[in-house]
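Here the structure comes first, spelled out in structure tokens, and everything after it is commentary.
The values are calculated or read from the model by the stated rules, or taken from the named source; none is laboratory data. None of these values were measured; they are calculated from a predicted model. Counting neighbours? That spans all protein chains shown, and the Cβs are built from the backbone with ideal geometry, glycine included. Note: accessible area is taken over every heavy atom of the protein model, side chains too, but ligands, DNA and RNA are not part of it. Shrake-Rupley method; radii C 1.70, N 1.55, O 1.52, S 1.80 Å.
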Amino acid sequence: MSEHITQTPPPEDRSVKVPHLVFGLLFLGIAGTWALAVTHVLTGDRLAILAPAVLVAAGVIGLAASLASTRSRQGTPTAEQGPYDNDPVTYPPGPEPDDHTQEIR
């Protein structure tokens, strides 16, 4: 009994996911702070400074990564493209405006 296991190809989107990056940095920062506190490398006064610094650093790196990924995805839109995607702009068909004066009731 041999079964063929078909594997799906990996997704084409290889960009960095910002939430994954931020939570990974938070985990590493908290684990590193904990390890330094357990080994008595950090004392209470330095721990009070390092713990918030880890949060601030992860937030700043997350903001920078978010801005960088947004700018790289947008590119330069052409006349046929929308400003936020690379798909052509399609507008729903509507009535042609032929009379610019309409009665207001």
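Using the structure shown, decide if Pro95 is in contact with a Gly (Cβ under 9 Å, 6 or more places away or on another chain) and at pLDDT below 70.
On the way: in contact with a Gly (Cβ under 9 Å, 6 or more places away or on another chain): no; at pLDDT below 70: yes.
No.
Of the residues that sit in the stretch 37-47 and are open to solvent by 70 Å² or more (accessible area, probe 1.4 Å) and not β-branched (Val, Ile, Thr), which one is nearest to Thr70 (Cα to Cα)?
It comes out as Arg46.
Mind checking which residues of the stretch 32-80 are part of a loop (DSSP other than H, G, I, E, B), touching a helix residue (DSSP H, G or I) at 6+ places or on another chain (Cβ under 9 Å) and modelled with pLDDT under 90?
Of all residues in the stretch 32-80, those part of a loop (DSSP other than H, G, I, E, B) come to 39-43, 75-80.
From what is left, the residues that are touching a helix residue (DSSP H, G or I) at 6+ places or on another chain (Cβ under 9 Å) are 41-43.
Matches in the stretch 32-80: Leu42, Thr43.
Between a residue in the stretch 8-31 that is closer than 17 Å to Ala53 by Cα and open to solvent by 60 Å² or more (accessible area, probe 1.4 Å) and any residue that is assigned to a helix (DSSP H, G or I) and of a type in the set (Val, Ile, Thr), which pairs come within a Cβ distance under 9 Å, given they are 6 or more apart or on different chains?
What qualifies is Leu28/Val54; Ile30/Val54.
How many residues, within the stretch 1-31, are under 30 Å from Leu67 (Cα atoms) and assigned to a loop (DSSP other than H, G, I, E, B)? Step through it out loud before you land on a result.
Of the residues in the stretch 1-31, the ones under 30 Å from Leu67 (Cα atoms) are 9-31.
This time we only want the ones that are assigned to a loop (DSSP other than H, G, I, E, B), so: 9-17.
Number of matching residues: 9.
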